[in-house]
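Okay, so here's the structure we're looking at.
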Amino acid sequence: MIYVENGPISAKQIGDLREAVGWNRMESCFESELRSSYFHIGAFDGEKLVGYLEVVSDGVTDAYIQNLIVHPEYQGKGIGTELMNRTIAYLKEKKIYMITVIFEENLLPYYKRFGFTPMLCGQLQTYETD
């Protein structure tokens, strides 16, 4: 497995991975010129993107981990854990004060392993994507 931090990853590769886990592709969103991320990391098996994690941040106080995705054929092999560990290490190195992640309740034990504690939050989807 090769892990690439802040390297080029196409919208199609991300869309394919999202689709593999049953999410919407959102390929047009990942193609937008307005889109930027503070940090992202891809896990590659050869040329195939099999894991992805992205962070949005103001670069000072807060960071939001989004899109932690591991291809179903590669789940349970430590790829998600490696993506999280590398990301958290990067954010700590950059002295980001607070890291946030939104997850489904059944994933609480997974995220607790990294030190996350549950907090009340809300989320509103404003439109459907591809």
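Here are some values of P(r) over Cα pairs in 5 Å bins from 0, in percent: (i) 2, 11, 20, 23, 17, 11, 7, 5, 2, 1, 0; (ii) 2, 10, 19, 24, 22, 17, 7, 0; (iii) 2, 10, 21, 24, 23, 13, 7, 1. Which one was computed from this structure?
Working out P(r) over Cα pairs in 5 Å bins from 0, in percent from the coordinates points to (ii).
Just in segment 6-106: which chymotrypsin sites (Phe, Trp or Tyr not before Pro) are loop by DSSP and have at most 10 other Cβ atoms within 10 Å?
On the way: sites: Trp23, Phe30, Tyr38, Phe39, Phe44, Tyr52, Tyr64, Tyr74, Tyr90, Tyr97, Phe103; in loops: Trp23, Tyr38, Tyr97, Phe103.
For chymotrypsin sites (Phe, Trp or Tyr not before Pro) across segment 6-106 that sit outside H, G, I, E and B with at most 10 neighbouring Cβ atoms in 10 Å, the list reads Tyr97.
Would you compute, from DSSP H runs of 4+ residues alone, the mean residue ellipticity of the chain at 222 nm, taking -39500 (n - 2.57) per run and dividing by the full residue count, rounded to the nearest 500?
For the chain, the value works out to -7500 deg cm²/dmol.
Most exposed first by the Cβ proxy, i.e. fewest other Cβ within 10 Å, how do Thr100, Thr117, Thr87 rank?
In order of increasing Cβ crowding within 10 Å: Thr117, Thr100, Thr87.
Taking loop as defined by DSSP and a crowding limit of 13 other beta carbons within 10 Å, which trypsin sites (Lys or Arg not before Pro) in segment 1-91 fit? Could the numbers behind the result be given before it?
Values: sites: Lys12, Arg18, Arg25, Arg35, Lys48, Lys77, Arg86; in loops: Arg25, Arg35, Lys77.
Taking segment 1-91 and a limit of 13 other Cβ atoms within 10 Å, the loop trypsin sites (Lys or Arg not before Pro) found are Arg35.
Going by how many other Cβ atoms sit within 10 Å of their own, how do Asp58, Asp16 line up, fewest first? Before the final figure, lay out each step's value.
Values: Asp58 11, Asp16 15.
Lowest count first: Asp58, Asp16.
Under the definition of Cα pairs under 8 Å and six or more residues apart, what whole-number percent is the relative contact order of segment 2-112?
This gives 23 percent for segment 2-112.
Find which of Leu68, Gly80, Tyr90 sits farthest along the positive direction of the dipole of segment 26-116, computed with +1 on the beta-carbon of Lys and Arg, -1 on that of Asp and Glu, about the Cα centre.
The residue sitting most towards the positive pole is Tyr90.
In the chain, what is the count of Lys pairs whose alpha carbons are under 24 Å apart, counting only pairs at least 8 residues apart or on separate chains?
Lysine pairs meeting both conditions in the chain amount to 7.
Can you tell me what share of the DSSP beta bridges in the chain is antiparallel? A percent to the nearest 5 is fine.
Values: 17 of 21 bridges.
Percent antiparallel among DSSP bridges in the chain is about 80.
Run the dipole for segment 2-112 about the Cα centre, Lys and Arg Cβ at +1, Asp and Glu Cβ at -1, nothing else charged, and hand back the magnitude in debye, nearest 20.
That gives a dipole near 280 debye.
No lab work stands behind these numbers, since they all come straight from the coordinates. Since the structure is predicted, the reported quantities are computational estimates derived from the model, not experimental observations. Every residue, glycine among them, receives a Cβ derived from its backbone with ideal geometry; neighbour counts consider all protein chains shown.
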